[in-house]
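Have a look at the structure below, then the notes.
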Amino acid sequence: MGRDPQPMVSEKRRYGVLTTDEAKAVAGVELAAWGIIGQVEYGLPEVDDRYHIWRVPLVRPGSTEKVGEVVIDARSARVQARRSSDPAVVKARLAGSGNGAVALAPPPPAETAARPALPNTILLGDSEETLAELPAGAIDLVFTSPPYFNARPDYTDYLGYEDYLLKIRSIIQQAHRLLGEGRFFVMNVAPVLVRRASRSQASRRIAVPFDMHRLFVEEGFDFIDDIVWAKPEGAGWATGRGRRFAADRNPLQYKAVPVTEYVLVYRRHSDRLIDWNIRTHPDQEAVRRSRVQDGYERTNVWRIAPTSSRLHPAVFPVELAERVIRYYSFEGDIVLDPFAGIGTVGEAAVRLKRRFALAERDPEYVEVMRRAAVRWLGREAGGVRCVNCPPIDGRGVP
């Protein structure tokens, strides 16, 4: 027997306007008062239960061009004039060439979203080169934390900041080719403090996340979210920032102790709605299993304790990777980290029944990953594809 249909949001809220047809009917009365009844068509009405309103888009006949909207109080069924489009502006748009109107995306065809067939993969080498070997559309999610710009010579050391940005841009370009249509690239990044060479010089703090945003937009990604990873108080004192002010309290010397990093969320540009990736996924059972349970993060502030490792100077916690993977992929999807380090993303992916593609240029870190894959996968580690590094044999021995 089929399940009973879930009640609509409007029914749960016991609104006076329950359906899209009812919303259109209310909007029709308003359009008659404006004197443009029959001169516009309706887009899809949507209910916004945060503000208890219905939004009814008004569309130029025979096109997908939005010329305005009628906003209705969902409880009283009265039109909210302050929130609705100005009738004079709507009439001007209908009479003109459409300048200033918003073009709605055409409905997408109903074909199925393609699924990659890539196995769990570890790649040794510069990501600019190794990622070029992967087939287009092979990746469902990218999550990475790129190297901090010249924060520590033993970690990364670039000639200059522009060289660093060129490297990141090339990785974003590769990711655009590799990601399936409308899928996500999530980056953990933070401002970087370049320490002074002597007491007569000032240290310099570089707003790396804001430059990353420019790169993503220029390379064909749409900005979705800025999540703040908040660490416990005291976590930022290791940077030394703020200690001078704490000692003498002189104005102009105040510097906040950094206890946050950004988790920036971008989507490969597509005219299709995100819902398309859900509806056309070829494994609807995997979609069902991937539904996020209660207790998920409801705000853009994620409070997660930092972690450390003797094997790598800059690791992020597995919990951070797990949240990103859980919220932006389905079971069976393949998650790429182009700066994989010791493989935190791979560990999180396996825990959540996803696959991984881990690219890393340091042979020592790759060796750590190969051994860790045996812990994550057991004998199934023999199926990991190893590029430019020795395979893991069928017994799960690296």
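The values are calculated or read from the model by the stated rules, or taken from the named source; none is laboratory data. Since the model is a prediction, treat every value here as computed from it, not as a measurement. Counting neighbours? That spans all protein chains shown, and the Cβs are built from the backbone with ideal geometry, glycine included.
One residue alone among V40, V59, V29 is among the β-branched types (V, I, T), assigned by TED's automatic domain parsing to the domain that holds R82 and under 31 Å from the mean Cα position of the chain (by Cα), and that residue is V59. The single residue among L311, L320, L336 that is surrounded by fewer than 16 Cβ atoms within 10 Å (Cβ to Cβ) and out of contact with any Gly (no Cβ under 8 Å at 6 or more places or on another chain) turns out to be L311. Considering the conditions (1) aliphatic (A, V, I, L, M); (2) at pLDDT 90 or above; (3) over 25 Å from I304 (Cα atoms), A197 is excluded by exactly one of them, (2). Cβ-Cβ contacts under 7 Å between residues 6 or more apart (or on different chains), taken from a first residue in region 270-287 that is over 11 Å from R183 (Cα atoms) to a second residue that is of a type in the set (A, V, I, L, M, F, W, C) and exposed (fewer than 13 other Cβ atoms within 10 Å of the Cβ), are listed as D271/A105. When you check A314 against the structure, is it out of contact with any Leu (no Cβ under 7 Å at 6 or more places or on another chain) and at pLDDT below 95, yes or no? For A314, the condition - out of contact with any Leu (no Cβ under 7 Å at 6 or more places or on another chain) and at pLDDT below 95 - is met. Does L166 meet the test of being aliphatic (A, V, I, L, M), surrounded by fewer than 23 Cβ atoms within 10 Å (Cβ to Cβ) and either modelled with pLDDT of 90 or more or within 20 Å of A207 (Cα to Cα) (or both)? Against the criterion (aliphatic (A, V, I, L, M), surrounded by fewer than 23 Cβ atoms within 10 Å (Cβ to Cβ) and either modelled with pLDDT of 90 or more or within 20 Å of A207 (Cα to Cα) (or both)), L166 qualifies. Here V318 fulfils each of the conditions (1) closer than 30 Å to P363 by Cα; (2) out of contact with any helix residue (DSSP H, G or I) (no Cβ under 8 Å at 6 or more places or on another chain) apart from (2).
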